Structure formats: structure tokens, C-alpha cells
Amino acid sequence: MIELMTMIGEITSENFSPTLRAKLVKVNKKTGVCTMEVVESPYTSMRTMGSLNEDKVGEKYEAPVYRIWNAFFY
């Protein structure tokens, strides 16, 4: 979990984000949950298909540590 904490503020691909990209905001060691923030999608195919979800940018959501660790390091 320590290596994941070094990634706070970094952006990664995240399959459960509405834009498929998210920034790690916080790691809660007690609960094993990460707080993620939806960021703008760099994928042009999402723009042409009309599924950008730009209205979701800036929203925060929680995800389990194991999933976010995999997003950054696997």
C-alpha cells in the first residue's frame, strides 16, 4: 500500500471511471479504499461515439485498494 500512496495526484486508466481515466486523490489505509476523481478522457474514439461523459469530470468515487493498485502497477 505504501507504493500506492506515492501515486496520489497521478492519473491512470480506470475501467470503472465514466471517462476511463481517473486521478488518485486519497488512500485510506484503515478501510482499504481509495478515493478517485474522474478526469477528462484522452481517447478520441470516445468523442466520436459521443460517450465522453464530460459532465462527470471532477466527480469523486471510491474504489478498493486492490483494484487501484492494479490500475497503476499491473
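Loop-located GluC sites (Glu not before Pro) in the chain (DSSP state other than H, G, I, E, B) with a sparse environment of at most 16 neighbouring Cβ atoms within 10 Å: 10, 40, 59.
So between residue 26 and residue 1, what do we pick up on full extension, going 0.36 nm a residue minus the alpha carbon distance? Please list the in-between numbers first.
Values: separation 25, 0.36 × 25 = 9.00 nm, distance 1.17 nm.
Taking residue 26 through residue 1 to full extension adds about 7.8 nm, to one decimal.
Here the gap between residue 33 and residue 11, fully extended at 0.36 nm per residue and compared with their Cα-Cα distance, gives a gain of 6.2 nm. Converting phi to 3J(HN,Hα) with the Karplus coefficients 6.51, -1.76 and 1.60 and the offset θ = phi - 60°, the stretch 3-10 yields 5, 5, 5, 6, 8, 4, x, 8 Hz in sequence order, with x at every glycine or proline. Working from Cα pairs under 8 Å separated by at least six residues, relative contact order for the chain is 30 percent.
Would the stretch 1-72 count as rounded, prolate or oblate if I go by the C-alpha gyration tensor, calling it rounded below 1.5 in a/c and otherwise prolate when a/b exceeds b/c, oblate otherwise? It comes out prolate by the Cα gyration axes. Using a cut-off of under 11 Å, list every residue of the stretch 1-25 whose amide N is near the label point 7 Å from the Cα of residue 65 along the Cα-to-beta-carbon line. Residues passing the 11 Å test: 1-5. Spin-label model, residue 74/residue 55: points 7 Å from Cα along the beta carbon direction are separated by 3.2 nm. Residues whose amide H comes within less than 5 Å of that of residue 26, counting only those at least five positions distant or on another chain, are 35 (H built at 1.01 Å from N in the peptide plane).
Where a number appears in this text, it was derived from the coordinates with a stated rule and is not lab data. No experiment lies behind these values; they were computed from the predicted model shown. As a convention, Cβ positions derive from the backbone with ideal geometry for all residues, glycine included, and neighbour counts pool all protein chains shown.
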